[in-house]
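The values are calculated or read from the model by the stated rules, or taken from the named source; none is laboratory data. Computed from a predicted structure; not experimentally measured. Note: ideal-geometry Cβ built from the backbone for every residue, glycine included; neighbour counts use all protein chains shown.
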Amino acid sequence: MKKILTIIFCLTLPLLSLQGAERLRERVYISTDRDVYVAGDAVWLSAWCIDAVTGQLSAFSKTAYVEVHSPTGMVQTAKIALDGGRGAGRLTLPTTLPTGNYRLLAYTQLGASEEGFDPLTGARTLSVFNTFSTERTEGGVEVVAQAPAAPTVPAAGSLIVSASDASSAGSTRIRLSNPGNEAISFSLSVRHDDGIPAPVGKHVADFVREVRTLPAARDFDDSVVPEYEGEIIRARVTGTDAAGLGGVRDKYAFISSPGSGENLYTEMISEDGSATFFTGNIYGDQEMFLEIENVDRDNICHLELLSPFLNLPAGELPKLPLYGGWNRALELRGLGMQVEKNFDADTLYTALPAREHHIFDKRNCYQYILDDYTRFPVMEELFIEFIPELRVRRVNGKRELQVRASDHQGGFYFPTSAALVLLDGVPVLDHERLFAYDPLLVKRIDIYGDAYFLGVRGFTGVVNFVTYKGTLPTMQFADNVRVVDFQGCSLPLAYTCAGVGSDYPDYRQTLYWHPMLTLAPGESIAVECKTPAYSGRFEVVAEGLTDGGDAVSARTTLDVR
C-alpha cells in the first residue's frame, strides 16, 4: 500500500507545478541534417523542448510531435521521445511527394494547449525534389533562368567548428570547441554542398528570438493532460454495437505490442466509450494489439486508436525555384537515396541511449529455456512436469493459470486470482487459448511472481511465453481483438556511417549526423567523418543551445578530392 501511495504522490507533483505562479509554456525546435531533400530521403531530426518562461530546456513533457506539411495539408509525421528537453529521431519522406517546399513544425501537447499557440514558432522550411515524377505542389514551384543565391545564416554563440580537407573514400576529423562559460547541447551535420541552395527559413537564432518575444500567456486548455511520463494514447470503442455501451462500460481495455511485455497497458473504458492509456513512450513502428476484456459474444465491438497529431495550420509556403542547371546534382541525390534504401545496413547507424520504462522486475524472474527440458506436445504437461511456479486451476469450467507467490516469512502459496498470461508480450485473456497452443513453438517461459499494477488493474503474477519467432505464430485470438499499425517514437539514432566499407556504393549526401553532442565550458572534441567515394565540397553545420537558452550556430566547409 505504501508503494502505491508513493507512486500516486509522485505523479501528482508535475500537476502541482503547473498550478504555480506561471504555467509552463513549451516550444519545440527541430534541427535537421539538411534543408534540401529528394522524395524518399530520410530526414534526421534533433529536438529541443524549451520552457518559454525560463528560456531553458524543459524537463517536463516526454513526447514531441513533428508534422510535415505541403501547401495543401499534412503529408508525414513523427514522434520524438524527450528526456530533459532533448530528443532525436528521423522520418522518411514518401517517394510520392511532389516537388515543392514543405513546412516542418513541432510541438508538445502541453505547449499546443495554450490559447493562441503559434505552431510556426521555430518551424522550418524544407525543399523536396521528386526525381521520379514531374508532379509539383499546387502553385508551389517557379521555374527560374538563374540559380538563386544561398541564404546567409549568421553565426551565433561561442562554438568553434573546423575541418580539414580530405581525399575521397577516406576520412577526416571535425574539431569542435566551446570557449564559452556555458555548456552547449547541439547537433552536427556534414552534408554535400552541390549548389542547390537551402530555402529561406528560420534557424535556431530565430527560434530563440521568437520565444523570448512571445506575448503574455493567455488561457490554457485544462482538459489536456500533460505527457510527463510519455505519450498518452487515446482510444474509443467502435463497431456495430458500439452505440450501446452498456456491454463494455467499466470493462478493461488492453493495448500491447509483441516483445518482452514492456509495451503493455490497460485502462478501464469510461462512460462515453473512451479509454486513455498512460505510457512511458513506445519506440518504433509496431503492430499494436487492441482488446476489450470479457466482451459478450453478441456485442460486436472493438477499440480504435485516435491520432495524437493536431494537424496544425502550417502557414503560407514560399515557392520553390526550379533551375535546369541542377539536373546533374539531383540525379546524384536520387541515386544516393536509392542506394541507401537498397544497402540500408544497420552498421551506418549508431543507437543512442533511450529513456527506458521497465514494467517487470527482471531480478524476480524465473526463466525456463524449454530446449533444456523434455519436450511435451501438450501445453499443460509443461506446468505439471517441471515448472513448480505455475499451477492450473479450473474456474467455472475453464482452466486458468496461477503464478506462485511468496509471503513475508519466505513461504510459498498460490493466490486465488488468475495470473496475467502473455504470448510474446501480448495478453492472452482467455487462458484456454493458451492451453490449445503448440508448446513446440515456444522458446522460453518467463515467470514474474510479484503483484503488478498496470494502470488501475492488478495481477498476482505474470507469465510470458516467448516463441522462437517472437511474432505469436498461429495464435488465434478472440473476435474483438484488432491488430493495427502503430507509429511509436522514433528510435534515437546517430548517422555516423562508421560501417561504410569498400563494398558500399557510396553516394551519401549526408556524411555524418549526430543529434545530441555536448560540450562543457572549455571542452574540445574531434569526431571522425568518413568521406564519400566522390569528390566535392561539404558543409559542416552545428546548431544548438547553451544551458542558459542562448542560440549556438557555427559553420565551415571541407573539400573532398
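Which residue out of Thr121, Thr137 is within 28 Å of Tyr65 (Cα to Cα), surrounded by 14 or more Cβ atoms within 10 Å (Cβ to Cβ) and in contact with a Gly (Cβ under 6 Å, 6 or more places away or on another chain)?
Being within 28 Å of Tyr65 (Cα to Cα), surrounded by 14 or more Cβ atoms within 10 Å (Cβ to Cβ) and in contact with a Gly (Cβ under 6 Å, 6 or more places away or on another chain) holds for just one of Thr121, Thr137, which is Thr137.
Which fully enclosed strands (runs of 3 or more DSSP E) of the stretch 414-505 have 2 or more residues being farther than 30 Å from Ala64 by Cβ and among the basic types (Lys, Arg)?
442-454
If Ser274 satisfies every condition in (1) under 30 Å from Leu110 (Cβ atoms); (2) touching a helix residue (DSSP H, G or I) at 6+ places or on another chain (Cβ under 6 Å) but one, which is the exception?
(2)
Do we have any residue at all in the stretch 38-54 that's in contact with a Lys or Arg (Cβ under 6 Å, 6 or more places away or on another chain) and of a type in the set (Ser, Thr, Tyr)?
Within the stretch 38-54 (the criterion being in contact with a Lys or Arg (Cβ under 6 Å, 6 or more places away or on another chain) and of a type in the set (Ser, Thr, Tyr)), the answer is no, since none of the residues qualifies.
Filter the stretch 193-207 down to residues that are out of contact with any Ser or Thr (no Cβ under 8 Å at 6 or more places or on another chain) and not charged (D, E, K, R) and give me whichever is nearest to Asn327 (Cα to Cα).
Gly195
Take the conditions outside any strand (DSSP E or B) and either not assigned by TED's automatic domain parsing to the domain that holds Glu340 or not small (Gly, Ala, Ser) (or both) and apply them to Thr95. Does it pass?
yes
Count, please, the residues in the stretch 123-174 that happen to be modelled with pLDDT of 95 or more, over 23 Å from Tyr534 (Cβ atoms), hydrophobic (A, V, I, L, M, F, W, C) and touching an Asp or Glu at 6+ places or on another chain (Cβ under 9 Å).
Counting residues in the stretch 123-174 that are modelled with pLDDT of 95 or more, over 23 Å from Tyr534 (Cβ atoms), hydrophobic (A, V, I, L, M, F, W, C) and touching an Asp or Glu at 6+ places or on another chain (Cβ under 9 Å) gives 2.
Which of the numbered conditions does Gly315 fail, given that it passes all the others? Conditions: (1) surrounded by 17 or more Cβ atoms within 10 Å (Cβ to Cβ); (2) under 29 Å from the mean Cα position of the chain (by Cα); (3) on the phi > 0 side of the Ramachandran plot.
Looking at each condition in turn, Gly315 falls short on (1).
If you take the residues in the stretch 470-498 that are within 24 Å of the chain's Cα centre (by Cα) and surrounded by fewer than 17 Cβ atoms within 10 Å (Cβ to Cβ), which one is modelled with the lowest pLDDT?
Step by step, filter the stretch 470-498, then rank; the result is Ala498.
From the list Glu227, Glu210, exactly one residue is in contact with a Ser or Thr (Cβ under 9 Å, 6 or more places away or on another chain) and either in a loop (DSSP other than H, G, I, E, B) or under 28 Å from Ala147 (Cβ atoms) (or both). Which is it?
Result: Glu227 is the single residue among Glu227, Glu210 that is in contact with a Ser or Thr (Cβ under 9 Å, 6 or more places away or on another chain) and either in a loop (DSSP other than H, G, I, E, B) or under 28 Å from Ala147 (Cβ atoms) (or both).
Output yes when any residue across the stretch 303-317 is out of contact with any Gly (no Cβ under 7 Å at 6 or more places or on another chain), without any contact (Cβ under 8 Å) to a residue 60 or more places away in the chain and under 27 Å from Pro515 (Cα atoms), and no when none is.
Checking the stretch 303-317: at least one residue is out of contact with any Gly (no Cβ under 7 Å at 6 or more places or on another chain), without any contact (Cβ under 8 Å) to a residue 60 or more places away in the chain and under 27 Å from Pro515 (Cα atoms).
Could you please tell me which pairs satisfy a Cβ distance under 7 Å, a separation of 6+ or placement on different chains, a first residue in the stretch 102-130 that is under 14 Å from Arg23 (Cα atoms) and among the acidic types (Asp, Glu), and a second residue that is assigned to a loop (DSSP other than H, G, I, E, B) and modelled with pLDDT under 95?
Glu114/Ala217; Glu114/Arg218; Glu115/Arg218; Glu115/Asp219
Among Tyr512, Tyr534, which is more than 20 Å from the chain's Cα centre (by Cα) and assigned to a strand (DSSP E or B)?
Going through Tyr512, Tyr534 in turn, just one is more than 20 Å from the chain's Cα centre (by Cα) and assigned to a strand (DSSP E or B): Tyr512.
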